């Protein structure tokens, strides 16, 4: 047999094996990361530390805030999503009612108590009610498919409609962290009730497609064009939605609500440049708080007083 024929056969076999490995990996990745789970179950400790690193004081800060918030009186609330999933949350009412309620939407594989307990205490001290929601496939909410902001944006609409019906005179603000930030930005172009007056987006990604591309390129050191399109195809079949179709930048071009953007410049999980792109795309009134030393989802800790000041001014200035 000619040497060149042997080479062709070898290259074809290698291509088949390589393609098969890519397909198997993309499918397993989709099933693992799009299904309800604990982040630690699919992401190793070393990689989690690299992506979510923070000073030791941050974890003590979160623990203390969560303990304090959990001791306050609250009521469990529930709404039905557009696709029939029961979504659950916890409503904290401020002692000095101001007529403002903040819907807090947490990040991927997290919870409102973990991501937003300190912020919730601040809101309550200002007289604002707080609704901590569990995203679909998280916490006490039903569902097994994670929405990556796309499905969650429609759930944010359901929560806003619930508040507009239940508390007719209340003004509503949408506040999201990480995946929750992407959800509230994506919700900005939906038919939100008039009571919604503003959006706070802390370290949100532009789209799941872009986020996966970034993680494979920077963290996994693997060419994203080889794997992310496959994940997109599997996600469409498995999860039922297109991870590239909805993009916060496109949504913000048509958004008319004021937005407060927040992001840590040392964020390795959702890169800071994504918020800069969102800021550039936003046609509505907006402000940006960039936190020099913050990594992912901990800007409130690193810039506590400045963050509080801007939050208070943002809400009070857009009533």
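The values are calculated or read from the model by the stated rules, or taken from the named source; none is laboratory data. All figures in this text were calculated on a predicted structure; none of them were measured in a lab. Cβ coordinates were reconstructed from backbone atoms using ideal geometry, including for glycine residues, and neighbour counts include every protein chain displayed.
Brief remarks on what is shown
- Which listed residue is assigned to a strand (DSSP E or B), surrounded by 16 or more Cβ atoms within 10 Å (Cβ to Cβ) and either modelled with pLDDT of 95 or more or in contact with a strand residue (DSSP E or B) (Cβ under 6 Å, 6 or more places away or on another chain) (or both), from 289, 230, 257: 289
- Per-region count, the stretch 164-188, residues modelled with pLDDT under 95 and either surrounded by 24 or more Cβ atoms within 10 Å (Cβ to Cβ) or in a loop (DSSP other than H, G, I, E, B) (or both): 4
- Hits in the stretch 272-312 (condition: out of contact with any helix residue (DSSP H, G or I) (no Cβ under 9 Å at 6 or more places or on another chain) and closer than 17 Å to residue 174 by Cβ): 285, 310
- Residue match in the stretch 260-270 (condition: assigned to a helix (DSSP H, G or I) and over 21 Å from residue 216 (Cβ atoms)): no
- Close pairs from the stretch 211-237: first within 13 Å of residue 268 (Cα to Cα), partner in a loop (DSSP other than H, G, I, E, B) and modelled with pLDDT of 95 or more, Cβ under 7 Å, at least 6 apart: 211/205; 211/270; 214/271
- Filter pass, residue 204 being on the phi > 0 side of the Ramachandran plot and assigned to a loop (DSSP other than H, G, I, E, B): no
- Sole exception among (1) within 30 Å of residue 240 (Cβ to Cβ); (2) in contact with a helix residue (DSSP H, G or I) (Cβ under 9 Å, 6 or more places away or on another chain); (3) modelled with pLDDT under 95 for residue 36, by number: (2)
- Residue in the stretch 81-93 that is outside any helix (DSSP H, G or I), surrounded by 16 or more Cβ atoms within 10 Å (Cβ to Cβ) and either modelled with pLDDT under 80 or on the phi > 0 side of the Ramachandran plot (or both) present: no
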